[in-house]
Amino acid sequence: MKIKLIVVGKLKEKYLKEGISEYQKRLSTMIPVEIIELPDEKIPDRASAKEMELVKAREGDKILARIGGDDKVVILAINGKLMSSEDLADLVKNSEIYGTNNLVLIIGGSLGLSDEVNKRSDVQISFGRMTLPHQLMRLVLMEQIYRAQMINRGSAYHK
C-alpha cells in the first residue's frame, strides 16, 4: 500500500519543510508516502459566496484528478470524526489488510473542500475543533502517519 497526501497550497516555511522531510525520511523504510502539492486558486478580494464556491470547485477538480477509482480517500475536515492516534493507526492497518492500493489523505485549501471532494471521501476526520494553518497541519499529519506506523509496529515511540 502507498499513502498519498494531496494538499492544496505551497509550503513556504523552511522549518515546516524540514519537519515534513524528516518524517518522510523516517517513513521511507516502512511505507511509501507521496506528497502531491497542488497550487491554490487565487481568491478575489471581497469574494462573493459564489466566487468562493468556484475557487473550491476548481481546487476540487485538481484534487479529484489525482484520485484513482479504487483509492481509499480520507479528508481532513473540521466537522469530521475525532480520532485518536490509535484510531488512525487502525485505519492505516485496516486499509493495508483489506488490500487498499492507495490511502489518500487530503488537506484542502483555505476555503475548504468542494462538495464533490466531500462526496468522494470514504472517511472524514478531524484533528480537533481548532483551526490550524494548512501548512502546519501538513506537518502534524505527517507526524501522525509516522506515529500510526510506530503504533502498528508495537514501538515505544507512542508511549
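The values are calculated or read from the model by the stated rules, or taken from the named source; none is laboratory data. This one's a predicted model, so the numbers in the text were calculated from it and none came from an experiment. Using ideal geometry, Cβ is built from the backbone for each residue, glycine included, and neighbour counts are taken over all protein chains shown. SASA here: full protein model, heavy atoms, side chains in, ligands and nucleic acids out. Shrake-Rupley method; radii C 1.70, N 1.55, O 1.52, S 1.80 Å.
Name, by its number, the condition in (1) closer than 30 Å to Ala156 by Cα; (2) out of contact with any helix residue (DSSP H, G or I) (no Cβ under 6 Å at 6 or more places or on another chain); (3) free of Cβ contacts under 8 Å to residues at least 60 places away in the same chain that does not hold for Leu76.
(3)
Among the residues of the stretch 79-98, write down those that are free of Cβ contacts under 8 Å to residues at least 40 places away in the same chain and open to solvent by 50 Å² or more (accessible area, probe 1.4 Å).
Asp87, Asp90, Asn94, Ile97, Tyr98
Mind listing whichever residues of the stretch 36-50 are free of Cβ contacts under 8 Å to residues at least 60 places away in the same chain and either among the small types (Gly, Ala, Ser) or under 20 Å from Ala65 (Cβ atoms) (or both)?
If the condition is that a residue be free of Cβ contacts under 8 Å to residues at least 60 places away in the same chain and either among the small types (Gly, Ala, Ser) or under 20 Å from Ala65 (Cβ atoms) (or both), then Ile36, Glu37, Leu38, Pro39, Lys42, Ala47, Ser48, Ala49 are the ones that fit.
Any chance you could count how many residues in the stretch 8-18 are open to solvent by 20 Å² or more (accessible area, probe 1.4 Å) and outside any loop (DSSP other than H, G, I, E, B)?
Step one: list which residues in the stretch 8-18 are open to solvent by 20 Å² or more (accessible area, probe 1.4 Å), which gives 10, 12-15, 17-18.
Adding the requirement that they be outside any loop (DSSP other than H, G, I, E, B) leaves 14-15, 17-18.
Matching residues across the stretch 8-18 total 4.
Scan the stretch 26-48 for residues that are in a loop (DSSP other than H, G, I, E, B) and of a type in the set (A, V, I, L, M, F, W, C) and report the count.
So the answer is 4.
If I filter the stretch 133-145 for residues that are in a strand (DSSP E or B) and open to solvent by less than 30 Å² (accessible area, probe 1.4 Å), do I get at least one hit? Before the answer, list the steps.
So in the stretch 133-145, the residues in a strand (DSSP E or B) come out as none.
The answer is no; no qualifying residue exists.
Here is a yes/no grid of residues against (1) modelled with pLDDT under 95; (2) over 29 Å from Gly154 (Cβ atoms):
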site: Ile43; (1), (2): yes, yes
site: Gly60; (1), (2): no, yes
site: Ile63; (1), (2): no, yes
site: Leu103; (1), (2): no, no
site: Glu116; (1), (2): no, yes
site: Arg120; (1), (2): no, yes
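Can you name every residue in the stretch 20-57 that is surrounded by fewer than 17 Cβ atoms within 10 Å (Cβ to Cβ) and of a type in the set (D, E, K, R)?
Once the filter is applied, which keeps residues that are surrounded by fewer than 17 Cβ atoms within 10 Å (Cβ to Cβ) and of a type in the set (D, E, K, R), the stretch 20-57 yields Glu22, Lys25, Glu34, Glu37, Lys42, Asp45, Arg46, Lys50, Glu51, Glu53.
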